[in-house]
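Here the structure comes first, spelled out in structure tokens, and everything after it is commentary.
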Amino acid sequence: MSDRKFIFNPGPAMLPLEVLERAQTEMVNYKGSGMSILETSHRHKNFEEIILGAEALLKELLNVPENYRVLFIGMGATGQFDMVPMNYLVDGKIANYIVTGSFANKAYKEGVKVGPTHVAASTADTGHNSIPSKDQIKLSENPAYVHITSNNTIFGTQWKEFYSFGDVPQVADMSSDILSKKIDVSKFALIYAGAQKNLGPAGVAVVIIRNDMIEKSNQKLPVMLKYDTYAKNNSLYNTPPSFTVYMIKLVLDWVKGLGGLDVLEKMNEKKAAVIYDAIDNSNGFYKGHAQKEFRSLMNITYKLPNEDLDKQFVAEAGEIGLAGLKGHREVGGVRASVYNAMPIQGCEKLAKFMADFRKKNS
Ligand SMILES: *Cc1c(COP(=O)(O)O)cnc(C)c1O
């Protein structure tokens, strides 16, 4: 597969080649059923096996406690920006948001539309290059929940430690770092993630939700907006994006085959270090956006000495098969998204290109 590129897209992102090839093999005739999974009823036992298997495997890999469910919900992570406040911002309570980047701010703005909100901490003043410490977080009275964004896809910062807020349910958007390392799920009442970064193709948000939160779903909501609809029906109340769920199951099988999150976490640390070293050893030619202690292992953001060089860098990298490196317009520069499926060879090729480009242009 020498013509495949190293894809540094922020999402939809690179998928493991083994997963794509397995999907290709199974595409036309899934396990001798005489039909593609694309053509299979979501009520068929083959699909039921896939969706329940995906839930079980995600719980196993992430060490999710017994009293949680895994749900598959359409509308992406952005849909969760709405569902979380619609279900839990009730009874005069106040939703607390920690605003550490663009998606965190989008989540907050959706909360504002639903009910009273409070910004418990924000890193906007410093261009979202850090994560607040526990004592910088000031919760309101009567909090409905506290919402965090574990990895800031656009700015390239990541929470290195999760806090607990006592009885206050902690909700986390983990779209861009779920399954990249071990986490203590019990600190969270609800975790959600758009699938298209670390879990599979676009089309669903994966939601890991504690049973008491399922029970607290707001019963005044229409059926498709309540969490308990999905929990009671194993995410099969209506037709789910079945092919996406199938692909997620294949990705989870791949993670398990690698040896699980212990192995993956070390791989991700190594991969990111290759690129951060290239930044740090560049005599200031490349400037990282995030403060060092908050650097994301998933999205690596940096700038060259000027915007023309940023553009030239991205264009020349593209010519040698390093795709998708353009930074987000809010930050500029370069962003290398190195999710689980990016092989270390991609990071090494990028680091070498960075050194060569610097020599030629400084
Ligand atoms: C990509 C992303 C989103 C948006 O996901 P959609 O599935 O496109 O709605 C939300 N939050 C974070 C942290 C993301 O990285």
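The values are calculated or read from the model by the stated rules, or taken from the named source; none is laboratory data. Keep in mind it's a predicted model, so treat the numbers as computed, not measured. Here Cβ is always computed from backbone atoms with ideal geometry, including for glycine, and neighbour counts include all displayed protein chains. For accessibility, only protein heavy atoms count, side chains too; no ligands or nucleic acids. Shrake-Rupley method; radii C 1.70, N 1.55, O 1.52, S 1.80 Å.
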Within region 178-197, restricting to residues that are near the ligand (Cβ under 10 Å from one of its atoms) and of a type outside the set (D, E, K, R), the one that is farthest from Asn9 (Cα to Cα) is Tyr192
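Yes/no matrix, rows are residues, columns are (1) free of Cβ contacts under 8 Å to residues at least 40 places away in the same chain; (2) among the acidic types (Asp, Glu):
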site: Lys5; (1), (2): no, no
site: Thr25; (1), (2): yes, no
site: Glu39; (1), (2): yes, yes
site: Asn46; (1), (2): yes, no
site: Val64; (1), (2): no, no
site: Asn87; (1), (2): no, no
Do any residues in region 213-236 that are assigned to a loop (DSSP other than H, G, I, E, B) have Cβ atoms under 7 Å from those of residues that are of a type in the set (A, V, I, L, M, F, W, C) and open to solvent by 30 Å² or more (accessible area, probe 1.4 Å), where the two are at least six apart or on different chains, and which pairs are they?
-> Asn218/Met86; Asn218/Val90; Leu221/Met86; Asn234/Leu52
Return only the number of the condition from (1) within 14 Å of the ligand (Cβ to nearest atom); (2) out of contact with any helix residue (DSSP H, G or I) (no Cβ under 9 Å at 6 or more places or on another chain) that Ser175 does not satisfy.
-> (2)
Filtering region 133-163 down to residues that are polar (S, T, N, Q) and farther than 24 Å from Lys292 by Cα, which residue is least open to solvent (accessible area, probe 1.4 Å)?
-> Ser140
If you go through Ile98, Ile94, the only one that is under 29 Å from Pro12 (Cβ atoms) and touching a residue at least 40 places away in the same chain (Cβ under 8 Å) is Ile98
Go through region 87-111 and count every residue that is away from the ligand (no atom under 16 Å from the Cβ) and closer than 21 Å to Ser175 by Cα.
-> 4
Only residues that are within 19 Å of the chain's Cα centre (by Cα) and open to solvent by less than 30 Å² (accessible area, probe 1.4 Å): list them for region 105-128, please.
-> Ala107, His128
Which residues, counting only those in region 133-154, are among the aliphatic types (A, V, I, L, M) and either within 11 Å of the ligand (Cβ to nearest atom) or outside any strand (DSSP E or B) (or both)?
-> Ile137, Leu139, Ile148, Ile154
What residue, among those in region 56-78 that are within 16 Å of the ligand (Cβ to nearest atom) and in contact with a Phe, Trp or Tyr (Cβ under 9 Å, 6 or more places away or on another chain), is most open to solvent (accessible area, probe 1.4 Å)?
-> Thr78
Out of Thr301, Thr239, which single residue is in contact (Cβ under 8 Å) with a residue 40 or more places away in the chain and over 25 Å from Phe103 (Cα atoms)?
-> Thr239
Considering only region 327-362, how many residues are more than 17 Å from Pro305 (Cα to Cα), out of contact with any Lys or Arg (no Cβ under 6 Å at 6 or more places or on another chain) and β-branched (Val, Ile, Thr)?
-> 0
Among the residues listed as Leu58, Leu15, Leu71, the single one being touching a residue at least 24 places away in the same chain (Cβ under 8 Å) and assigned to a loop (DSSP other than H, G, I, E, B) | Leu15
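A quick yes/no check of all residues on (1) open to solvent by less than 40 Å² (accessible area, probe 1.4 Å); (2) within 12 Å of the chain's Cα centre (by Cα); (3) closer than 22 Å to Lys134 by Cα; (4) polar (S, T, N, Q):
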residue	(1), (2), (3), (4)
Asp173	yes, yes, yes, no
Lys187	no, no, yes, no
Ile208	yes, no, no, no
Asn211	no, no, no, yes
Glu215	no, no, no, no
Gln219	no, no, no, yes
Asn233	no, no, no, yes
